[in-house]
Every structure is written in C-alpha cells, then in structure tokens.
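In what follows, a single structure is set out as structure tokens and then discussed.
The values are calculated or read from the model by the stated rules, or taken from the named source; none is laboratory data. As the structure is a prediction and not an experimental result, all values here were calculated from the model. Reconstructed Cβ throughout: ideal geometry from the backbone, glycine too, with neighbour counts over all protein chains shown. Protein only, heavy atoms only, side chains kept; ligands, DNA and RNA dropped before computing areas. Shrake-Rupley method; radii C 1.70, N 1.55, O 1.52, S 1.80 Å.
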Amino acid sequence: MALVLAGFVLSLSGLQLILAADYPSYVAAVYEHRVLLNPNPGLPLNRSSALEHMKQNLRVFEEQTALAAQQGAQIIVFPEDAIHGFNFTRASIAGYLEAIPDPQKVTWSPCADPYRFPDTEVLHSLSCMAYNNRLFLVANMPSRQSCNQTTDPRCPADGQYQFNTNVVFSDQGVIVAQYHKQNLYFEAAFDAPPECEYATFTTPFAGRFGMFTCFDILFRDPAVTLVKEMGIRQIVYPTAWMNQLPLLAAVEFQRSFSYATGITLLAANVRAAENGMTGSGIFTPWDSLSHHDAKGDSGKLLVHRVPVLDLSFIGDDNHKLVYPSSKEPEKMHVWPTGSFKANRDGKYCRKDSECAEGTSSSTFNSIMMYDNFTLVPLQGTEGNISVCSGSVCCHLLFRRSDMPEFYALGVFNGLHVVNGVYYLEICALVRCTSEEQSSCGGETEYAETLVDFRLTGTFTTPHVYPGILGSGMTVDIPDHSDWESENQLYMSRTGMSTGLVTAMLYGRNYEKDNVKKSA
C-alpha cells in the first residue's frame, strides 16, 4: 500500500520489514542514561567541580559506547542533558560550558589534538570514545559562543550565547556537526540561536542524517523542514522528555513521528524517574525497538539493525524498497466506508440530525493535556460515532471486547497555550481512568479492553501524526492509513494483542502557531 502522511509518500508492503540479503543496512544504538544530577543546580560551580560532576556521567557513556561497539553498532546516540543535568540558571551553568569550534570551518579531533583549544575536556572525552570504538557518536552538552552586541543585536548582555548543543563525532573522533536547540522548553540557562539551524552529517555506512532535540519535534523548524524540504530520512534525536499521557508519552510520539514521516528516528531519552523522564527507541516506519520504564533505576542500551533510507546513498535505481511480510497477512475486517453518512460538506456523522454540526447530545467536555476536549462516549461493544470542533471532525467505527472500561472519542481544535504555544487539530480515542467523564484525559499506562477500530479525521493541515499506544506502553502502528481526500485522513487497526490505551490522529497546524487565543 502507499502511505501518504504528513505530506510524505512512502511505499509499504506488510507490517514487518525483512531486508534482502544485498540491501544496505547498519547497526544503530541509543542509550537511555540515568543521569547523575547536580543536587544544587542553581549554585555556580567552578570549572574543576563542574568537570568532576560531568566525568561521573561520561564514565558511563564510555562503558556503554564500548558495549554498543561490541554488538556491532556503527552509531550511538546519547540523551539531552545527560552529561550535565538540568535546572541550571544562566549563571550557574557557566562552569559546564565549552566553546565548540565550527566543524564547517575547522577540522579537529579533540582526541588526537587535545590542547588545540582550551577548556575542552568533555569534547576530548567524547572524541576518544568515538575514535577508540570506531563508531559515530552523538552527544548533547552545554556550549558557549562569543558574540558582539555592536554587530549582533541579538547578542546577550554578557557577550556570549549559551546553547543547548548536540555534537557529532566521526569514527575517527573528528567533530563533523553541531546543532543548537531552537525550541527551548523552560531552559533559563540557554539561548535559542539567532537563526534556526538545519544540521546534517554524512556517514560512510548510511549516508546522510539530520538532527534536532527534544521539544523541536513538535515544530516545523527544524524538524519538518529537515524531512520534508531537505529530504532527510534518518534522524538522531537526543531528548529529555517528560512523559504526559494520553497523547505525549515519549515512545508514543517518537513512534508516531517516525511512522508518519517515513523516517528512521534514533531517539535517546534521559532517565530521571523523579521527573517522569523515560522512553527511548530505534524506530523505522515499519518496526521499532523501544524502552519505557517509569520505575527502574538503571540505564538501558538498545542496539538494532535498520535499513538505510538515504536514497542518494543506496542508489534508488538499483535498490527498490520492497518490504515483504514475514507471514501471510491475517484476514482483516474491512470497515465499510458506506457505514458513514456524509453531509453536503463531505463531513461524516452518525445520523442526519447531527450533520449540521457533527456532534451529538451525548457530548461532554474534559481537560486533556491542559486542553478542553469535546468528547463522546463509546457505548456498547460496537458502534459508529462522531464528534466535531469547528472544521475538525472525528469519526470512529469500533468493535471492542466486553470489559468494564470507559472509553471516549475526543476532538480538540485550537491553540495549546500551556508549557508552549502551538496549534493543534486532534482526534483521539482514549481509555478514561474511571467511569467518570472528567477522568477522560487522565493518565494511565494500562488497559484490558481489546479494540478494533477505524478512526477518521477531517483536518485543515496535512501534518497529521497517527499514533497507537497499547497497555504497558507498547507502541503500535496502523494496519492501514491514508488520505481519503484532500483533508480527510483515516487509520485502522484490528487484532491488537494488548488493551488499547490511546489511538490518535495528532494534527499540527504550524501556520496557526501565532494565532492569538480567543477570549
């Protein structure tokens, strides 16, 4: 089938990827690091003390890099904030900062030439990890860059930018790329770069990769621009993501973004249970290896072989992307599109009386992810329901096992304004945490109800990210998903082996991010 999502096109056949013997692939690793934190991040440390703190985390990096290399890894990604921690002020992080020479202007291996630039001990350590283990290494660290207020009106008052920075080292220990995080998430220690950066690097084993960091994934720049406009199909993604169910758990959205955009995403999350941080994975559009552990107290190394998706590297004329299933596909229930009745605008609804607005008298409101969703309950073991908010309409055909869990179909169409400002168009089927309507939107990782469904949404944006989350934080992808018309996207899933926690069509209308919130 042809997958056409979020403005991207990719050919898929079957749910499992089997690589032909001659198809190029590589071994990737991500490490979810249990970061050792500075207990008083608001108090400035001198350089020596800051280095002692960072070396505790770097020693773990060194061990895990060696373990990954022993398993054949050719690239390893470490999390955001994993070397230094978080909750610093602009002043208190000063001892942690290093100046990173621009790799587009300077060719330098800190491991081979450690004294070329002063105060670069962290760069030296990371460079030697890459060189000694002969792999590419991606790490996140705090950096500084001098600026002149006379020539740069955006230059901070203290004469330097302080950046949340990803650094990439080649298998020879050479710094080959850096990226300064654009979309900061309450990070008082750092500045956003004066202009958005689109950072890429090239490897000898898989061609080009791009990179961005954590909160960046929810915005057009740099994430969507890298993939859609620049054609990058392999992304390294350090993150320090605080999980928020039912729609934005780390592995849930990582899986959704990879599937929707047709890319490989190497996602390394920091591990800090007290902050709700966990969830890492190696995701291709077809399969994934992921980790989520909200209670454990140790890091986790993931190593997985994945196909090369850089078509310029593999030679598209000589290698066709053919992905046969490993078994005969099970006979799927085909949801009859005629089960929906459409009004004159092409919007689906449950019955004629609802076609004017697309909502029913049984709708209710509940807060989900700080947003006021309009929802309609699922009643019985099968049904056909709809709910709308303005031009965004959500339609659900479902069949479920007879369990006493309460589910609802919700819609949100508006500007999200808590912990970030961005415009959302969402259709979401969620398991509520109790029988109370107000519990719809509450956080739960578990469900016992098996649900077969076909979820359809009408959107004003082409950037829609389908996501399915099963009980126990198991990630899933649709059996089928496609645009039925210019503004109508569907996904279907049957035969899940775990209870359904969330099924969502998460739309991002980037053009409306600056729209003022109505009173």
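Just one of PHE313, PHE257 is crowded, with 23+ Cβ neighbours inside 10 Å, over 22 Å from ASN87 (Cα atoms), of a type in the set (A, V, I, L, M, F, W, C) and out of contact with any His (no Cβ under 7 Å at 6 or more places or on another chain); which is it? It would help to see each step written out before you state the result.
Values: PHE313 fails: crowded, with 23+ Cβ neighbours inside 10 Å.
Testing whether each residue is crowded, with 23+ Cβ neighbours inside 10 Å, over 22 Å from ASN87 (Cα atoms), of a type in the set (A, V, I, L, M, F, W, C) and out of contact with any His (no Cβ under 7 Å at 6 or more places or on another chain) leaves just PHE257.
Among residues belonging to the stretch 260-278 that are open to solvent by less than 10 Å² (accessible area, probe 1.4 Å) and in a strand (DSSP E or B), point out the one that is farthest from GLU445 (Cα to Cα). Before the answer, list the steps.
Narrowing the stretch 260-278 to residues open to solvent by less than 10 Å² (accessible area, probe 1.4 Å): 260-272, 278.
Narrowing the set further to residues that are in a strand (DSSP E or B) leaves 264-269, 271-272.
Working: THR264: 25, LEU265: 23, LEU266: 23, ALA267: 20, ALA268: 21, ASN269: 18, ARG271: 18, ALA272: 18 Å.
The qualifying residue farthest from GLU445 (Cα to Cα) is THR264.
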Which one of these is free of Cβ contacts under 8 Å to residues at least 12 places away in the same chain, aliphatic (A, V, I, L, M) and over 27 Å from ARG34 (Cβ atoms): ALA192, ALA206, ALA157?
ALA157
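Which one is surrounded by the most Cβ atoms within 10 Å (Cβ to Cβ), of the residues in the stretch 344-380 that are modelled with pLDDT of 95 or more and assigned to a loop (DSSP other than H, G, I, E, B)? Don't jump to the end; show me each part of the working.
Within the stretch 344-380, the first condition is being modelled with pLDDT of 95 or more, and the residues that meet it are 363-380.
In the following step, the residues that additionally are assigned to a loop (DSSP other than H, G, I, E, B) were identified as 363, 369-370, 378-380.
Values: THR363: 21, MET369: 19, TYR370: 12, LEU378: 23, GLN379: 10, GLY380: 9.
So, considering only residues that are modelled with pLDDT of 95 or more and assigned to a loop (DSSP other than H, G, I, E, B), the one surrounded by the most Cβ atoms within 10 Å (Cβ to Cβ) is LEU378.
One line per residue, one yes/no per condition, for (1) buried (at least 23 other Cβ atoms within 10 Å of the Cβ); (2) under 19 Å from PRO377 (Cα atoms); (3) within 23 Å of the chain's Cα centre (by Cα):
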site	(1), (2), (3)
SER439	no, yes, no
GLU445	no, no, yes
THR461	no, no, yes
LEU489	yes, no, yes
Can you tell me which residue among VAL251, VAL303 is out of contact with any Phe, Trp or Tyr (no Cβ under 7 Å at 6 or more places or on another chain), under 27 Å from MET368 (Cα atoms) and of a type in the set (Val, Ile, Thr)?
VAL251
With ALA206, ALA240 as the choices, which residue is over 26 Å from TRP483 (Cβ atoms), over 14 Å from the mean Cα position of the chain (by Cα) and aliphatic (A, V, I, L, M)?
ALA206
Taking the stretch 467-482 as the search range and keeping residues that are of a type in the set (Gly, Ala, Ser), in contact with a strand residue (DSSP E or B) (Cβ under 8 Å, 6 or more places away or on another chain) and more than 14 Å from TYR506 (Cα to Cα), which one is most open to solvent (accessible area, probe 1.4 Å)?
SER471
Count of residues meeting criterion [out of contact with any His (no Cβ under 9 Å at 6 or more places or on another chain), open to solvent by 50 Å² or more (accessible area, probe 1.4 Å) and either modelled with pLDDT under 95 or farther than 30 Å from ALA272 by Cα (or both)] in the stretch 3-56
8
